[in-house]
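Working notes, beginning with the structure itself.
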Amino acid sequence: MAEPTTLIIIIEDEPQIRRFVRAGLEAAHFTVTEAATGTQGLMDVGTRRPDLLIVDLGLPDMDGIDVIRDIRSWSNLPILVLSARTSEAHKIKALDVGADDYMVKPFGVPELLARVRALLRRSARSHADDEPNVRFGHVEVNLLLRTVTRNGEIVHLTTIEYRLLTHLMTNAERVLTNRSLLRDVWGSDKADKINSLRTYMSSLRRKLEEDPTAPRYILTVSGVGYRFVLS
């Protein structure tokens, strides 16, 4: 159950979608504010300082991409995109400019609430005091000693594997595009390195997942990138 003070702003120009989303969120005890335009939404985000933003890309006065880009210039607020745009190119663009997750219309309330809770958990962790030990499943990562253990035994990771793992953990619950992973871990987002990224992800799964063929923590977002889930 959400805290009553958890504020979510919806920027969506379709009244029926706003009512649908608002009803689902309020039933889960979130506080909700609506905006029908990007301009009004930006004003509300700046003045109300919500805990999470839900934004449509097809707004009447500006593209939702520009809303996300504007907010990312001054805030790390969790941003969830709801859009009828289904192409991978649109998803990747939204994620690359700073969205944390992307849902395609139509969608169900249970999935919406699950995505919202995941982003709020990630935001809470990022605001908490730094914890040197991160645990998921039978794996423990000590960020101070730079060690990784599984079932109490040391797991030997290459430099790239360790950097990739810690970057995923730092951005837990967020969808990271292939391009952003290449840029932030390798320092280059050239497309010819995609196969290297897949190879390293497969290696991490073999070393850390209970069943690498059905991973629980290092998840593929088809055609887009990856998501790391701690819970």
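All of the numbers you see were taken from the coordinates with simple rules; none came from a lab. Computed from a prediction, not measured in an experiment: that's the story for all the values here. Neighbour counts run over all protein chains shown; Cβ positions are idealised from the backbone, glycine included.
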Set Lys and Arg Cβ to +1 and Asp and Glu Cβ to -1, take the dipole of region 7-127 about its Cα centre, and tell me which of ILE71, HIS90, PRO50 lies farthest positive. PRO50
Going by amide H atoms built from the backbone, whose H comes under 5 Å of the H on VAL32, apart from near neighbours? ILE8
Quick one: work out the % antiparallel among DSSP beta bridges in the chain, nearest 5. 55
Compute the separation of the alpha-carbon centres of region 64-113 and region 147-215 and state it in Å as a whole number. 23
Under a GNM of the chain (C-alpha, springs under 10 Å), which listed residue has the highest mean-square fluctuation: LEU57, LEU120, LEU145? LEU145
Magnitude of the charge dipole, the chain, Cβ model with Lys/Arg +1 and Asp/Glu -1, debye to 20: 620
Most fluctuating residue given options THR33, THR220, THR147, as computed from a GNM of the chain linking Cα atoms under 10 Å: THR147
antiparallel share of DSSP beta bridges within region 7-127, to nearest 5, in %, is 5
Take every Cα pair under 8 Å in region 133-228 that's 6+ residues apart, average their separations, divide by the length, and report that relative contact order as a whole percent. 25
A correct fewest-to-most ranking of HIS90, HIS29, HIS156 by other Cβ atoms within 10 Å would be HIS156, HIS29, HIS90
Quick calc, region 7-127, dipole around Cα centre from Cβ unit charges on Lys, Arg (+) and Asp, Glu (-), nearest 20 debye, gives 460
Applied in sequence order to region 219-231, the curve 6.51 cos²θ - 1.76 cosθ + 1.60 (Karplus, θ = phi - 60°) yields integer Hz couplings, x standing for Gly and Pro, of 9, 8, 9, 3, x, 10, x, 9, 9, 9, 10, 7, 8
Select from region 134-231 those trypsin sites (Lys or Arg not before Pro) which occupy a DSSP coil region and have at most 16 other Cβ atoms within 10 Å, ordered by residue number. ARG146, LYS190, ARG216
Relative contact order for the chain: what is it in percent, counting Cα pairs under 8 Å that are at least 6 residues apart? 13
Hey, with R₀ at 22 Å, roughly what FRET efficiency would PHE107 and ASP63 work out to, going by the Cβ-Cβ distance, to 0.05? 0.60
Neighbour-count order for MET201, MET62, fewest beta carbons within 10 angstrom listed first: MET62, MET201
